[in-house]
1. Could you run through region 234-249 and say how many residues are free of Cβ contacts under 8 Å to residues at least 40 places away in the same chain, in contact with a strand residue (DSSP E or B) (Cβ under 8 Å, 6 or more places away or on another chain) and either crowded, with 18+ Cβ neighbours inside 10 Å or not charged (D, E, K, R) (or both)?
2. Tally the residues that are assigned to a helix (DSSP H, G or I), surrounded by fewer than 18 Cβ atoms within 10 Å (Cβ to Cβ) and among the small types (G, A, S), restricting the search to region 70-95.
3. Take region 267-284 and flag every residue that is away from the ligand (no atom under 16 Å from the Cβ), under 21 Å from A256 (Cα atoms) and either modelled with pLDDT under 80 or surrounded by 12 or more Cβ atoms within 10 Å (Cβ to Cβ) (or both).
4. Take region 326-348 and flag every residue that is within 10 Å of the ligand (Cβ to nearest atom) and under 25 Å from D132 (Cα atoms).
5. Return yes or no: is D196 within 16 Å of the ligand (Cβ to nearest atom), under 19 Å from H323 (Cα atoms), buried (at least 17 other Cβ atoms within 10 Å of the Cβ) and of a type in the set (D, E, K, R)?
6. Looking for something under 21 Å from L210 (Cα atoms), part of a loop (DSSP other than H, G, I, E, B), touching a Pro at 6+ places or on another chain (Cβ under 8 Å) and more than 15 Å from the ligand (Cβ to nearest atom) - is there at least one such residue anywhere in region 349-364?
7. Quick one: which residue in L164, L146, L118, L210 is at pLDDT 95 or above, out of contact with any Leu (no Cβ under 8 Å at 6 or more places or on another chain) and either of a type in the set (K, R) or over 26 Å from E93 (Cβ atoms) (or both)?
8. Please state which of the following conditions P107 fails to meet, knowing it meets all the rest: (1) surrounded by fewer than 24 Cβ atoms within 10 Å (Cβ to Cβ); (2) farther than 23 Å from F72 by Cα.
Amino acid sequence: MQITVARLKPLLFGKLLAYCNFFIQFRNQFGRAVLRFAAFKQKYLTVFGSIALSIGLPLSAPSSAWAMFYGFNQQAQAYEHEGDNLMDTGYYEQAISAYSQAINLLPYDAVQGRADALYARAVANDVAGHFDQASQDYSWARDYYLKAAQYANYGGSQAAEEGLTGGYDANFGQQLANLVRWRATVNPNSPDYFVDGGPMKAWSLRKMPLKVYIDDSQGTGWSQDLRDLIWRAISSWTNVSGSPIRFTQWYRADDADYIITRPSSSGQIAVGSGGFTSGVDEAQSENGKVMLKQSKSLLSCPGYDGSGYSQIDRNRLYNLALHECGHALGIGGHSPSGMDVMYWKAPILKLSDRDGATLRRMYSQ
Ligand SMILES: [Zn+2]
């Protein structure tokens, strides 16, 4: 039987796509909503003024409304970028402030922009441990994504020409709706997420050490340097206190237990995801528990060779390998706490106490 566990994580190009949509939607929106713009212009005049000044746009020019609107959007986008950078460098509280600035700058009918910024702030709140605020942001983001999908549908062929992504937004809105419902049932502060992060599978301890093949081919693998990085990341799961997991490096895919490769085309991983792990189950369960026969992780990253990688690129690959390995070891869902590696979008580089406790519980039953 095939199990699949997917992870939502914007990629470099995933992010880019989101930002493109952000711009396109906004421009289209303005074209259709001049009256609404006039209505909120008065309200936001001070903000407009300061933004226009800060980017050097003349307030009195005949086309000032257009220019100010554009500047407004640019400023919001700049704050969102700043938030992303702060997230990448571990300044979560500051990232929340930056995303809040972006949200405050955007008018209420800039649905796509508000959806993106609220979603980003939701994740930042979870990662900073503000679970209630995160839940609130997720439900607001859900509402705005669903609204964005509606707007795109109203736009008809024009919306299609502008590249609006109503289908994507509707889908994402539904995913967030599920997430909001799930969050109401979980406890991010319990000692582990064995119950919340299920369903759990496991490897038979008789199979240790598991044979791990990290692809070294040009097309779907990595250079020695990056294979070492991936190896160090996954080894965290063997080093955690009380871990029964052992790995050994294997140099062919045929009879490996765990295969780690890079997707050969972007279609292999859902838009917005960074990794994908699938598994094959053993025919026989042990003590009623489903056992794994083979796991395979696809890790997205810019390419074979890491020589052009920034430290942030390296951290992303490390984080992705660390997270997907948790799925490969049998964690079928995600932790509801942003402070765990197995949170669905955690940026951290070290297993938490809860990650360790969950692994021990999975393998002690
Ligand atoms: Zn995941």
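1. Going through region 234-249 one residue at a time, the tally reaches 5.
2. Of the residues in that region, 1 qualify.
3. V280, D281, E282
4. Of everything in region 326-348, those that are within 10 Å of the ligand (Cβ to nearest atom) and under 25 Å from D132 (Cα atoms) turn out to be I331, G332, G333, H334, S335, V341, M342, Y343, W344, K345, A346.
5. Yes; evaluated as a whole, the condition is true for this residue.
6. Yes; the residues of region 349-364 include at least one that is under 21 Å from L210 (Cα atoms), part of a loop (DSSP other than H, G, I, E, B), touching a Pro at 6+ places or on another chain (Cβ under 8 Å) and more than 15 Å from the ligand (Cβ to nearest atom).
7. Result of the check over L164, L146, L118, L210: L210.
8. If we test P107 against (1) surrounded by fewer than 24 Cβ atoms within 10 Å (Cβ to Cβ); (2) farther than 23 Å from F72 by Cα, just (2) comes out false.
The values are calculated or read from the model by the stated rules, or taken from the named source; none is laboratory data. As the structure is a computational prediction, the values presented were derived from the model and not from experiment. Don't worry about glycine lacking a Cβ; one is built from the backbone with ideal geometry, like all the others, and counts go over all protein chains shown.
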